[in-house]
Amino acid sequence: MIKKSRIVIFFLIVLAIGGLMSQTVLNTAKSINLGLDLQGGFEILYEVNNPGGEGEVTEETMQSTVSALDQRVNVLGVSEPNISIEGDNRIRVQLAGIDDQQQARELLATEADLSFRDIDDNVLLSGDDLQESGASVNFDQGNQPVVSVGLRDGDEFGRVTEQVIEEYPPPENLMVIWLDYEEGDSFMEESQKEDPKFLSAPSVNEPLYTDTVQIEGNFELEEAEFLAEILNSGSLPVELEEIYSNAVGASLGEEAMEQTIFAGFIGIGLIFAFMLFYYRFMGVISIISLTSYIYVVLVVFNWMQGVLTLPGLAALVLGVGMAVDANIITYERIKEELREGRSVISAFKLGTSRSFSTIVDANITTIIAAGVLFYYGTSSVQGFAVVLIVSILTSFLTAVLLTRFLLGLWVKSRIFNKKPRVFGIKERDIDARQ
(Lines give C-alpha, C1' and ligand atoms only; values in the text may rest on other atoms or scores of the structure.)
Protein backbone atom coordinates (compact mmCIF):
# COMPACT_ATOMS: atom_id res chain seq x y z
CA MET A 1 0.00 0.00 0.00
CA ILE A 2 1.39 3.37 -1.04
CA LYS A 3 1.88 5.81 1.84
CA LYS A 4 1.04 9.12 0.19
CA SER A 5 1.72 11.11 3.36
CA ARG A 6 5.47 10.58 2.92
CA ILE A 7 5.30 11.96 -0.61
CA VAL A 8 3.38 14.98 0.66
CA ILE A 9 6.05 15.54 3.33
CA PHE A 10 8.74 15.38 0.62
CA PHE A 11 7.11 18.12 -1.46
CA LEU A 12 6.46 20.28 1.60
CA ILE A 13 10.15 20.06 2.54
CA VAL A 14 11.26 20.87 -1.01
CA LEU A 15 8.87 23.84 -1.16
CA ALA A 16 10.14 25.08 2.21
CA ILE A 17 13.77 24.81 1.08
CA GLY A 18 12.99 26.51 -2.22
CA GLY A 19 11.05 29.31 -0.52
CA LEU A 20 13.81 29.96 2.01
CA MET A 21 16.51 30.04 -0.65
CA SER A 22 14.56 32.27 -3.03
CA GLN A 23 14.00 34.85 -0.28
CA THR A 24 17.48 34.94 1.20
CA VAL A 25 20.09 33.68 -1.28
CA LEU A 26 20.66 37.03 -3.02
CA ASN A 27 21.14 38.95 0.23
CA THR A 28 23.40 36.19 1.55
CA ALA A 29 25.57 36.26 -1.57
CA LYS A 30 25.80 40.06 -1.58
CA SER A 31 26.81 40.26 2.08
CA ILE A 32 29.78 37.88 1.71
CA ASN A 33 33.10 39.68 2.00
CA LEU A 34 35.12 39.41 -1.19
CA GLY A 35 38.90 39.16 -1.33
CA LEU A 36 41.05 41.60 -3.26
CA ASP A 37 41.32 39.20 -6.20
CA LEU A 38 37.53 39.44 -6.64
CA GLN A 39 36.84 43.12 -5.95
CA GLY A 40 40.26 44.62 -6.51
CA GLY A 41 42.63 45.90 -3.90
CA PHE A 42 46.17 45.90 -2.65
CA GLU A 43 48.40 43.22 -1.16
CA ILE A 44 51.88 43.70 0.26
CA LEU A 45 54.34 41.42 2.04
CA TYR A 46 56.78 42.96 4.51
CA GLU A 47 59.92 41.63 6.12
CA VAL A 48 60.20 42.87 9.70
CA ASN A 49 63.56 44.07 11.05
CA ASN A 50 64.52 45.67 14.33
CA PRO A 51 65.67 49.30 14.03
CA GLY A 52 69.34 49.28 13.10
CA GLY A 53 69.14 45.57 12.27
CA GLU A 54 70.18 44.59 15.80
CA GLY A 55 68.74 41.59 17.62
CA GLU A 56 66.08 39.09 16.66
CA VAL A 57 62.45 40.00 16.06
CA THR A 58 60.35 38.44 18.82
CA GLU A 59 56.80 37.14 18.60
CA GLU A 60 55.68 39.96 20.88
CA THR A 61 57.21 42.50 18.51
CA MET A 62 55.42 40.89 15.55
CA GLN A 63 52.07 41.06 17.36
CA SER A 64 52.67 44.70 18.30
CA THR A 65 53.46 45.51 14.68
CA VAL A 66 50.29 43.81 13.48
CA SER A 67 48.27 45.85 16.00
CA ALA A 68 49.90 49.08 14.84
CA LEU A 69 49.25 48.23 11.19
CA ASP A 70 45.65 47.40 11.98
CA GLN A 71 45.17 50.86 13.51
CA ARG A 72 46.60 52.44 10.39
CA VAL A 73 44.35 50.40 8.13
CA ASN A 74 41.35 51.71 10.06
CA VAL A 75 42.38 55.19 8.90
CA LEU A 76 41.78 54.06 5.32
CA GLY A 77 38.27 52.86 6.13
CA VAL A 78 38.89 49.40 4.67
CA SER A 79 36.36 46.76 5.71
CA GLU A 80 37.63 43.33 6.67
CA PRO A 81 41.40 43.91 6.21
CA ASN A 82 43.55 40.80 6.42
CA ILE A 83 46.83 41.27 8.30
CA SER A 84 48.62 38.01 9.04
CA ILE A 85 52.02 36.87 10.27
CA GLU A 86 53.90 34.49 7.99
CA GLY A 87 56.93 32.66 9.28
CA ASP A 88 59.15 34.30 11.88
CA ASN A 89 59.56 37.79 10.47
CA ARG A 90 57.06 38.46 7.69
CA ILE A 91 53.68 40.19 7.69
CA ARG A 92 51.20 40.08 4.81
CA VAL A 93 48.66 42.89 4.48
CA GLN A 94 45.64 42.51 2.20
CA LEU A 95 43.32 45.47 1.67
CA ALA A 96 40.35 44.62 -0.52
CA GLY A 97 38.33 47.35 -2.24
CA ILE A 98 40.87 50.11 -1.64
CA ASP A 99 40.99 52.97 -4.14
CA ASP A 100 44.17 54.92 -3.37
CA GLN A 101 46.84 52.23 -3.30
CA GLN A 102 49.73 54.70 -3.10
CA GLN A 103 48.25 56.27 0.02
CA ALA A 104 47.93 52.80 1.53
CA ARG A 105 51.57 52.01 0.82
CA GLU A 106 52.73 55.28 2.38
CA LEU A 107 50.49 54.84 5.40
CA LEU A 108 51.72 51.32 6.07
CA ALA A 109 55.41 51.78 5.36
CA THR A 110 56.19 54.91 7.35
CA GLU A 111 57.34 54.33 10.92
CA ALA A 112 55.50 57.51 12.05
CA ASP A 113 58.31 58.43 14.43
CA LEU A 114 57.97 62.16 15.03
CA SER A 115 61.00 63.89 16.54
CA PHE A 116 62.07 67.44 17.38
CA ARG A 117 65.76 68.19 16.76
CA ASP A 118 68.16 71.12 16.68
CA ILE A 119 70.03 72.14 13.52
CA ASP A 120 72.84 69.72 14.43
CA ASP A 121 70.29 66.86 14.38
CA ASN A 122 70.42 66.25 18.15
CA VAL A 123 67.17 64.88 19.58
CA LEU A 124 65.20 67.32 21.72
CA LEU A 125 61.87 65.43 21.91
CA SER A 126 60.86 62.07 20.49
CA GLY A 127 57.58 60.39 19.66
CA ASP A 128 57.37 59.08 23.23
CA ASP A 129 56.74 62.66 24.38
CA LEU A 130 53.55 62.96 22.32
CA GLN A 131 50.05 62.45 23.66
CA GLU A 132 48.30 59.34 22.39
CA SER A 133 45.88 60.25 19.55
CA GLY A 134 46.69 63.88 20.23
CA ALA A 135 47.16 65.07 16.63
CA SER A 136 44.50 67.09 14.82
CA VAL A 137 44.14 69.45 11.85
CA ASN A 138 43.55 73.16 12.46
CA PHE A 139 43.95 76.36 10.48
CA ASP A 140 46.26 79.30 11.13
CA GLN A 141 45.40 82.98 10.77
CA GLY A 142 46.03 82.76 7.03
CA ASN A 143 43.55 79.89 6.80
CA GLN A 144 46.37 77.45 6.01
CA PRO A 145 46.12 73.88 7.35
CA VAL A 146 48.39 73.09 10.29
CA VAL A 147 48.76 69.97 12.41
CA SER A 148 48.36 70.43 16.15
CA VAL A 149 50.20 67.88 18.28
CA GLY A 150 49.56 67.34 21.98
CA LEU A 151 52.55 66.86 24.27
CA ARG A 152 52.65 64.84 27.48
CA ASP A 153 54.69 67.44 29.38
CA GLY A 154 54.49 71.14 28.54
CA ASP A 155 57.31 71.94 30.99
CA GLU A 156 59.65 69.61 29.12
CA PHE A 157 58.87 71.39 25.86
CA GLY A 158 59.57 74.73 27.55
CA ARG A 159 62.93 73.41 28.75
CA VAL A 160 64.07 72.30 25.27
CA THR A 161 62.98 75.60 23.71
CA GLU A 162 65.13 77.41 26.30
CA GLN A 163 68.00 75.11 25.33
CA VAL A 164 67.66 76.04 21.66
CA ILE A 165 67.63 79.76 22.50
CA GLU A 166 70.72 79.48 24.69
CA GLU A 167 72.79 77.34 22.34
CA TYR A 168 71.82 78.77 18.94
CA PRO A 169 71.69 82.52 18.25
CA PRO A 170 69.45 83.77 15.42
CA PRO A 171 69.02 82.70 12.69
CA GLU A 172 70.14 79.24 13.88
CA ASN A 173 67.58 79.08 16.72
CA LEU A 174 65.46 76.54 14.90
CA MET A 175 63.54 73.52 16.13
CA VAL A 176 63.48 71.04 13.25
CA ILE A 177 60.48 68.69 13.14
CA TRP A 178 61.20 65.33 11.46
CA LEU A 179 58.98 62.41 10.55
CA ASP A 180 60.94 59.14 10.37
CA TYR A 181 64.39 60.61 10.76
CA GLU A 182 67.00 58.13 9.50
CA GLU A 183 70.62 57.81 10.48
CA GLY A 184 72.62 59.95 8.08
CA ASP A 185 69.89 62.55 7.51
CA SER A 186 71.12 66.10 7.92
CA PHE A 187 69.19 69.33 8.37
CA MET A 188 71.99 71.30 6.73
CA GLU A 189 71.80 69.17 3.61
CA GLU A 190 68.02 68.92 3.48
CA SER A 191 67.54 72.66 3.98
CA GLN A 192 69.29 73.24 0.66
CA LYS A 193 66.78 71.09 -1.19
CA GLU A 194 63.56 72.27 -2.78
CA ASP A 195 61.60 69.47 -1.09
CA PRO A 196 63.35 68.65 2.20
CA LYS A 197 62.59 65.51 4.22
CA PHE A 198 61.81 67.37 7.45
CA LEU A 199 58.31 68.72 8.01
CA SER A 200 59.16 72.21 9.20
CA ALA A 201 61.85 74.21 11.01
CA PRO A 202 60.23 77.05 12.99
CA SER A 203 62.31 79.69 14.83
CA VAL A 204 62.30 79.64 18.64
CA ASN A 205 62.44 83.20 19.95
CA GLU A 206 61.14 82.65 23.47
CA PRO A 207 60.58 79.71 25.83
CA LEU A 208 57.27 77.96 25.10
CA TYR A 209 55.75 76.21 28.10
CA THR A 210 52.82 74.62 26.32
CA ASP A 211 51.41 71.15 25.81
CA THR A 212 50.29 71.83 22.23
CA VAL A 213 52.57 72.38 19.26
CA GLN A 214 51.56 73.41 15.76
CA ILE A 215 53.41 71.96 12.79
CA GLU A 216 53.37 74.37 9.86
CA GLY A 217 54.65 72.94 6.62
CA ASN A 218 52.74 74.63 3.79
CA PHE A 219 50.44 71.61 3.79
CA GLU A 220 47.54 70.93 1.53
CA LEU A 221 44.48 69.91 3.55
CA GLU A 222 44.79 66.24 2.52
CA GLU A 223 48.48 66.22 3.50
CA ALA A 224 47.70 67.69 6.91
CA GLU A 225 44.92 65.16 7.50
CA PHE A 226 47.20 62.31 6.45
CA LEU A 227 49.95 63.45 8.83
CA ALA A 228 47.50 63.79 11.75
CA GLU A 229 46.02 60.36 11.07
CA ILE A 230 49.35 58.61 10.84
CA LEU A 231 50.58 60.27 14.06
CA ASN A 232 47.41 59.15 15.84
CA SER A 233 47.82 55.57 14.58
CA GLY A 234 51.09 55.29 16.48
CA SER A 235 54.66 54.57 15.49
CA LEU A 236 55.86 51.15 14.44
CA PRO A 237 58.27 49.32 16.77
CA VAL A 238 60.19 47.91 13.79
CA GLU A 239 61.39 48.65 10.29
CA LEU A 240 59.35 47.21 7.42
CA GLU A 241 61.02 46.16 4.19
CA GLU A 242 58.70 45.57 1.27
CA ILE A 243 59.58 42.32 -0.51
CA TYR A 244 56.42 41.73 -2.54
CA SER A 245 53.34 43.68 -3.58
CA ASN A 246 50.39 43.04 -5.83
CA ALA A 247 47.66 45.41 -6.95
CA VAL A 248 44.43 44.21 -8.54
CA GLY A 249 42.19 46.75 -10.23
CA ALA A 250 38.47 46.72 -9.45
CA SER A 251 37.60 45.95 -13.09
CA LEU A 252 40.06 43.03 -13.19
CA GLY A 253 38.64 41.68 -9.95
CA GLU A 254 35.07 41.93 -11.21
CA GLU A 255 36.02 40.24 -14.47
CA ALA A 256 37.80 37.42 -12.62
CA MET A 257 34.76 36.88 -10.41
CA GLU A 258 32.37 36.79 -13.36
CA GLN A 259 34.52 34.29 -15.24
CA THR A 260 34.95 32.09 -12.17
CA ILE A 261 31.23 32.10 -11.39
CA PHE A 262 30.43 31.33 -15.03
CA ALA A 263 32.87 28.42 -15.00
CA GLY A 264 31.36 27.26 -11.71
CA PHE A 265 27.85 27.27 -13.18
CA ILE A 266 29.06 25.20 -16.13
CA GLY A 267 30.79 22.69 -13.87
CA ILE A 268 27.81 22.38 -11.52
CA GLY A 269 25.42 22.15 -14.48
CA LEU A 270 27.41 19.28 -15.96
CA ILE A 271 27.38 17.50 -12.59
CA PHE A 272 23.59 17.87 -12.39
CA ALA A 273 23.15 16.61 -15.96
CA PHE A 274 25.33 13.57 -15.26
CA MET A 275 23.39 12.70 -12.10
CA LEU A 276 20.05 12.98 -13.93
CA PHE A 277 21.21 10.89 -16.88
CA TYR A 278 22.89 8.13 -14.90
CA TYR A 279 20.87 7.88 -11.69
CA ARG A 280 17.41 8.91 -12.88
CA PHE A 281 15.19 9.69 -9.90
CA MET A 282 18.07 9.49 -7.42
CA GLY A 283 19.73 12.17 -9.55
CA VAL A 284 16.77 14.48 -8.91
CA ILE A 285 17.27 13.99 -5.16
CA SER A 286 20.97 14.81 -5.61
CA ILE A 287 20.18 18.07 -7.37
CA ILE A 288 17.91 19.14 -4.51
CA SER A 289 20.47 18.24 -1.85
CA LEU A 290 23.41 19.76 -3.74
CA THR A 291 21.55 23.01 -4.31
CA SER A 292 20.82 23.09 -0.58
CA TYR A 293 24.47 22.31 0.07
CA ILE A 294 25.69 25.32 -1.93
CA TYR A 295 23.23 27.58 -0.12
CA VAL A 296 24.21 26.32 3.34
CA VAL A 297 27.93 26.74 2.57
CA LEU A 298 27.34 30.38 1.61
CA VAL A 299 25.28 30.98 4.76
CA VAL A 300 27.89 29.39 7.04
CA PHE A 301 30.75 31.24 5.33
CA ASN A 302 28.88 34.53 5.69
CA TRP A 303 28.16 33.77 9.36
CA MET A 304 31.90 33.15 9.88
CA GLN A 305 32.63 36.59 8.37
CA GLY A 306 35.03 34.86 5.99
CA VAL A 307 36.63 36.56 2.99
CA LEU A 308 35.85 34.79 -0.28
CA THR A 309 38.72 34.64 -2.77
CA LEU A 310 39.24 33.00 -6.14
CA PRO A 311 40.76 29.90 -4.51
CA GLY A 312 37.75 29.90 -2.18
CA LEU A 313 35.37 29.86 -5.13
CA ALA A 314 37.39 27.01 -6.62
CA ALA A 315 37.08 25.13 -3.31
CA LEU A 316 33.30 25.69 -3.36
CA VAL A 317 32.99 24.13 -6.82
CA LEU A 318 35.35 21.33 -5.78
CA GLY A 319 33.16 20.80 -2.72
CA VAL A 320 30.16 20.22 -4.98
CA GLY A 321 32.10 17.49 -6.75
CA MET A 322 33.05 15.93 -3.42
CA ALA A 323 29.49 16.18 -2.13
CA VAL A 324 28.09 14.48 -5.23
CA ASP A 325 30.77 11.83 -4.80
CA ALA A 326 29.13 10.90 -1.49
CA ASN A 327 25.82 10.52 -3.33
CA ILE A 328 27.41 8.39 -6.03
CA ILE A 329 28.92 6.03 -3.45
CA THR A 330 25.51 5.66 -1.79
CA TYR A 331 23.63 5.21 -5.05
CA GLU A 332 26.06 2.63 -6.39
CA ARG A 333 25.69 0.58 -3.20
CA ILE A 334 21.90 0.75 -3.55
CA LYS A 335 22.13 -0.37 -7.19
CA GLU A 336 24.40 -3.25 -6.22
CA GLU A 337 21.82 -4.45 -3.72
CA LEU A 338 19.04 -4.15 -6.33
CA ARG A 339 21.05 -6.20 -8.82
CA GLU A 340 21.33 -8.94 -6.23
CA GLY A 341 17.54 -9.19 -6.20
CA ARG A 342 16.74 -7.41 -2.95
CA SER A 343 13.63 -5.29 -2.56
CA VAL A 344 13.83 -1.53 -3.00
CA ILE A 345 13.48 -0.92 0.77
CA SER A 346 16.11 -3.53 1.68
CA ALA A 347 18.49 -2.22 -1.02
CA PHE A 348 18.05 1.32 0.32
CA LYS A 349 18.75 0.35 3.94
CA LEU A 350 21.78 -1.82 3.14
CA GLY A 351 23.21 0.57 0.55
CA THR A 352 23.05 3.64 2.80
CA SER A 353 24.48 1.88 5.84
CA ARG A 354 27.38 0.25 3.97
CA SER A 355 28.36 3.45 2.16
CA PHE A 356 28.45 5.63 5.27
CA SER A 357 31.81 4.46 6.63
CA THR A 358 33.44 4.86 3.21
CA ILE A 359 32.15 8.43 2.93
CA VAL A 360 33.32 9.30 6.45
CA ASP A 361 36.82 7.93 5.85
CA ALA A 362 37.21 9.82 2.57
CA ASN A 363 36.06 13.10 4.08
CA ILE A 364 38.23 12.78 7.19
CA THR A 365 41.36 12.35 5.08
CA THR A 366 40.41 15.43 3.04
CA ILE A 367 39.80 17.47 6.20
CA ILE A 368 43.27 16.47 7.45
CA ALA A 369 44.84 17.63 4.18
CA ALA A 370 42.85 20.90 4.29
CA GLY A 371 43.94 21.44 7.89
CA VAL A 372 47.59 21.09 6.91
CA LEU A 373 47.07 23.58 4.06
CA PHE A 374 45.47 26.04 6.46
CA TYR A 375 48.24 25.72 9.06
CA TYR A 376 51.20 26.02 6.72
CA GLY A 377 49.72 27.89 3.75
CA THR A 378 49.67 31.57 2.90
CA SER A 379 46.49 33.66 2.96
CA SER A 380 45.09 32.57 -0.42
CA VAL A 381 45.82 28.91 0.34
CA GLN A 382 44.22 29.33 3.76
CA GLY A 383 41.09 30.72 2.10
CA PHE A 384 40.92 27.64 -0.10
CA ALA A 385 41.37 25.39 2.94
CA VAL A 386 38.67 27.13 4.99
CA VAL A 387 36.04 26.85 2.26
CA LEU A 388 37.03 23.23 1.66
CA ILE A 389 36.65 22.33 5.34
CA VAL A 390 33.29 24.13 5.54
CA SER A 391 32.20 22.32 2.37
CA ILE A 392 33.11 18.89 3.71
CA LEU A 393 31.35 19.42 7.04
CA THR A 394 28.28 20.86 5.33
CA SER A 395 28.10 17.92 2.94
CA PHE A 396 27.27 15.65 5.88
CA LEU A 397 24.15 17.71 6.53
CA THR A 398 23.01 17.97 2.92
CA ALA A 399 24.67 15.58 0.50
CA VAL A 400 24.57 12.71 3.01
CA LEU A 401 21.81 13.17 5.61
CA LEU A 402 19.38 15.25 3.53
CA THR A 403 19.79 12.99 0.51
CA ARG A 404 19.07 9.89 2.56
CA PHE A 405 16.08 11.47 4.26
CA LEU A 406 14.46 12.69 1.03
CA LEU A 407 15.13 9.46 -0.85
CA GLY A 408 13.93 7.47 2.17
CA LEU A 409 10.57 9.27 2.06
CA TRP A 410 9.95 7.97 -1.47
CA VAL A 411 11.33 4.50 -0.85
CA LYS A 412 9.33 4.01 2.36
CA SER A 413 6.18 5.25 0.66
CA ARG A 414 6.46 1.98 -1.37
CA ILE A 415 5.64 3.80 -4.60
CA PHE A 416 8.81 2.37 -6.17
CA ASN A 417 8.27 -1.26 -5.14
CA LYS A 418 9.11 -3.53 -8.08
CA LYS A 419 10.24 -0.51 -10.11
CA PRO A 420 14.06 -0.81 -10.16
CA ARG A 421 14.15 0.99 -13.52
CA VAL A 422 13.54 4.23 -11.61
CA PHE A 423 16.97 3.71 -10.04
CA GLY A 424 18.67 2.93 -13.35
CA ILE A 425 18.48 -0.88 -13.02
CA LYS A 426 17.06 -2.95 -15.84
CA GLU A 427 15.06 -6.12 -15.18
CA ARG A 428 17.51 -8.30 -17.13
CA ASP A 429 20.37 -7.19 -14.92
CA ILE A 430 18.53 -8.49 -11.86
CA ASP A 431 17.56 -11.75 -13.51
CA ALA A 432 21.16 -12.41 -14.59
CA ARG A 433 22.41 -12.26 -10.99
CA GLN A 434 19.74 -14.41 -9.38
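The values are calculated or read from the model by the stated rules, or taken from the named source; none is laboratory data. Bear in mind the structure is a predicted one, so any value in this text is a computation, not a measurement. Here Cβ is always computed from backbone atoms with ideal geometry, including for glycine, and neighbour counts include all displayed protein chains. Just the protein is used for accessible areas: all its heavy atoms, side chains included, with ligands, DNA and RNA removed. Shrake-Rupley method; radii C 1.70, N 1.55, O 1.52, S 1.80 Å.
Overview of values
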read-out	value
Solvent-accessible area, 1.4 Å probe, carbon plus sulfur percent, for the chain	53 percent
Unit charges at the beta carbon, dipole of the chain: most positive-side option, ILE328, PRO420, VAL149	PRO420
The chain: most fluctuating residue of ILE215, ILE91, ILE389 per GNM, C-alpha cutoff 10 Å	ILE215
Selected from TYR46, TYR168, TYR279 as most flexible by GNM, with the chain as the system and alpha-carbon contacts under 10 Å	TYR168
3J(HN,Hα) from dihedral phi, the range 141-156, Karplus parametrisation 6.51/-1.76/1.60, rounded to Hz, x for glycine, proline	5, x, 6, 9, x, 10, 10, 8, 10, x, 10, 6, 9, x, 5, 5
By accessible area with a 1.4 Å probe, ligands and nucleic acids excluded, highest first: order of LYS193, LYS4	LYS4, LYS193
Selected from ILE287, ILE266, ILE392 as most flexible by GNM, with the chain as the system and alpha-carbon contacts under 10 Å	ILE266
LYS3-ASN27 FRET efficiency (beta carbon distance; Förster radius 35 Å; 0.05 resolution)	0.40
For the chain, accessible area per residue (1.4 Å probe, heavy atoms of protein chains only), Å²	52 Å²
Anisotropy class of the chain from Cα gyration tensor, a/c 1.5 cut	prolate
Ranking by accessible area, most exposed first, for ILE85, ILE268, ILE364, ILE177 with a 1.4 Å probe	ILE364, ILE85, ILE268, ILE177
Accessible surface of ARG333 - all protein chains present, 1.4 Å probe, nearest 10 Å²	70 Å²
Theoretical ellipticity at 222 nm over the chain - DSSP helices of four or more residues, -39500 (n - 2.57) apiece, nearest 500	-19000 deg cm²/dmol
Long-range amide H partners of LEU208 with built H, under 5 Å	THR161, GLU162
Magnitude of the charge dipole, the chain, Cβ model with Lys/Arg +1 and Asp/Glu -1, debye to 20	7940 debye
Cα gyration tensor category, rounded, prolate or oblate, for the range 286-325 with a/c compared to 1.5	oblate
